[in-house]
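Only the coordinates and a few stated rules stand behind these numbers; no lab work does. On a predicted model such as this, the values are computed, not experimentally measured, just so you know. Positions of Cβ are generated from backbone atoms using ideal geometry, with glycine treated the same way; all protein chains shown enter the neighbour counts.
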Amino acid sequence: MRILIVDDNEANRILAQLILEKDGHIAVTASDGEKALEECFGVKFDLILLDILMPRMNGIQTLRKLRQRNGRNVQTPVFALTAYSSPSDSRMFKQAGFAFTLSKPLSQKDVELAWRAYQNKSTYVIPLDKVSDKKETFKHDLIDQHYWEKIKQETSLEKLISITTKFWKSADRHIVVLNENKLQASQANMQSLNILRQNAHVLKGSSAMLALKRLETISGNLQNAAPEYILPLVDDIQKCAKASKCNQLTRLKILISKHDS
């Protein structure tokens, strides 16, 4: 299939593209809604994977504009690609016109199952193991070992280094924003709350794509937290990010050493 991947996070786009291309698909990427609409103007896609939370134009707005235009992809099925994974969110996305909801981290199996369900006009249910348990935050390992092994198998060492480097540069920027807004957000300032939750959402999704299970979970907790829990959760994210970065970079150094020997 020819598939368009729309995600504002570069590391997410690269990894999703690698996963789909390895399965034999032609994968094209776009970094925001406007670029996605440009791609849809010139090329007919079999499927579009559209991130929900993006700057300037979110996924729901992008889908609405796509359907309003009488172009080549006006009837192309669009799957929501998101860090949100609750049944109520999936229902909301369905009402907005998405055919299915795929929860990050993206996997070839989920795309295949959702596509098959779409063709059969049946219901695809998000796997329960992708729904975080907020009470189990610190029982998660820093790294999801199974998914990390899968990433290593599907990605060249050069690409893996590139993706990881881009992720941590982006993650560091998001954590700076969290710190800048945490005090006012903890005092229920709505503007700061929205900024904090948007950044926590992006951090959750991109952490999931790189097997950073504990960082994904804490970021998800922060995204949905009441103001009184924000300060300790931001502190938890900083500590977890530091430990996760050290762990992941150590793993990469080992891989590089083995590759060079």
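Hydropathy first: keep DSSP H helices in the chain averaging at least -0.5 on Kyte-Doolittle, then drop any whose Cα extent along the axis falls short of 30 Å, and list what survives.
Membrane-span-like by this criterion, though nothing is claimed about a membrane: 157-186, 230-260.
Applying both filters, DSSP loop and at most 14 other Cβ atoms within 10 Å, to the trypsin sites (Lys or Arg not before Pro) of the stretch 11-88 gives Lys44, Arg56, Arg69, Arg72. The Kirkwood hydrodynamic radius of the stretch 134-260, based on inverse pair distances between different Cα atoms, is 15.0 Å. With the convex hull drawn over the C-alpha atoms of the stretch 2-130, the volume per residue is 97 Å³.
Only one item in (1) 19.3, 63; (2) 19.1, 58; (3) 18.2, 56 matches Rg and Dmax of the Cα atoms in Å derived from the coordinates shown, and that item is (3).
Under 17 Å from a point placed 7 Å out from the Cα of Thr250 along the Cα-to-Cβ direction: which residues of the stretch 205-220 have their backbone N that close? What the label zone holds, given the 17 Å backbone N cut-off, is 212-215.
Using only alpha carbons, build the gyration tensor for the stretch 176-244 and give me the equivalent ellipsoid semi-axes, biggest first, whole Å.
Numbers: eigenvalues 77, 26, 17 Å².
Rounded to whole Å, the semi-axes are 20, 11, 9.
Each other residue within a Cβ distance under 11 Å of Gly71 adds +1 if Lys or Arg and -1 if Asp or Glu, for a net charge of +3. Per-residue ellipticity at 222 nm from helix content only, as computed over the chain with -39500 (n - 2.57) for each DSSP H run of at least four residues, stands at -19500 deg cm²/dmol. For Ser31, the shell of other residues with beta-carbons less than 15 Å away shows a net charge of -4, using +1 for Lys and Arg and -1 for Asp and Glu.
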